[in-house]
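The values are calculated or read from the model by the stated rules, or taken from the named source; none is laboratory data. Predicted model, so just to flag it, every value in this text is computed and none were measured. Here Cβ is always computed from backbone atoms with ideal geometry, including for glycine, and neighbour counts include all displayed protein chains. Just so you know, the surface numbers come from the protein's heavy atoms only, side chains and all, with ligands and any DNA or RNA stripped out. Shrake-Rupley method; radii C 1.70, N 1.55, O 1.52, S 1.80 Å.
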Amino acid sequence: MDSKAVKKSIISILVRNEANVTTRVSSLYGRRGFNITSFTGCATNDPKISRITVAFEGTEQALHQILTQTAKLEDVIKIFTMDDNSIYRELLLMKVKADKSERSAIMQIVEIYRGKIVDLSRDSLIIEMTGSPEKLDGFMDMMNCYDIAEVSRTGVTGMSRGLELEG
């Protein structure tokens, strides 16, 4: 692969669950000029450890650099690249302006994409959907012909398949 080719990379970082850890990690990326496309973090089943998942675009050389630099941070326990043997999910909430005449068509699209209508009012509805980022992108493309009022996405999180533990 061309080391100058830009590609999307997703890394998972296990860190000590302490104040300002996410700030230190995200600052490192910003100082190095990386464009973060998604940054999520939360405590794991061990309340002393958090998992941060970062998606960004860069070259293979940039990925190597950011892995090396991140591993040097004091609060980082382990860092690894997510690959094709990983499961990725994201949450989407979408508010769509819809009158009675549009609702059934919207509900059919939501059903096909296995989403849920979580709120319904006279002039709008809110859709909840989880899935791969590609699935959510596809759903958003299908919904572009409707009047989308708001969108909120959590960002990607992921986990490797199988019993080989990451942490």
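A few remarks follow.
- In the elastic network of the chain, a GNM with C-alpha springs shorter than 10 Å, the most mobile of Ser27, Ser38, Ser132 is Ser27.
- For Asp99, the solvent-accessible surface computed with a 1.4 Å probe is close to 70 Å², ligands and nucleic acids excluded.
- Carbon plus sulfur fraction of accessible area for the chain, probe 1.4 Å, in percent: 50 percent
- Per principal axis, descending, Cα span of the range 83-167 in whole Å: 50, 18, 17
- Total lysine pairs under 17 Å (Cα atoms) in the chain, excluding pairs fewer than 8 apart on one chain: 5
- Simple spin-label estimate for Met107 and Met142 in nanometres, 7 Å along Cα-Cβ: 1.6 nm
- Of the trypsin sites (Lys or Arg not before Pro) found in the range 61-135, those in coil by DSSP whose Cβ has at most 12 other Cβ atoms within 10 Å are Lys72, Arg114, Arg122.
- Note on Gln61 and Val6: the extension gain reaches 18.8 nm, defined as 0.36 nm multiplied by sequence separation minus the Cα-Cα distance.
- Accessible surface area normalised per residue over the range 19-167 is 61 Å², counting heavy atoms of protein chains with a 1.4 Å rolling probe.
- Length available on full extension from Gln69 to Ser121: 0.36 nm per residue minus the Cα-Cα distance, which gives 13.8 nm.
- Rg then Dmax, both in Å and based on the Cα atoms of the chain: 18.7, 57.
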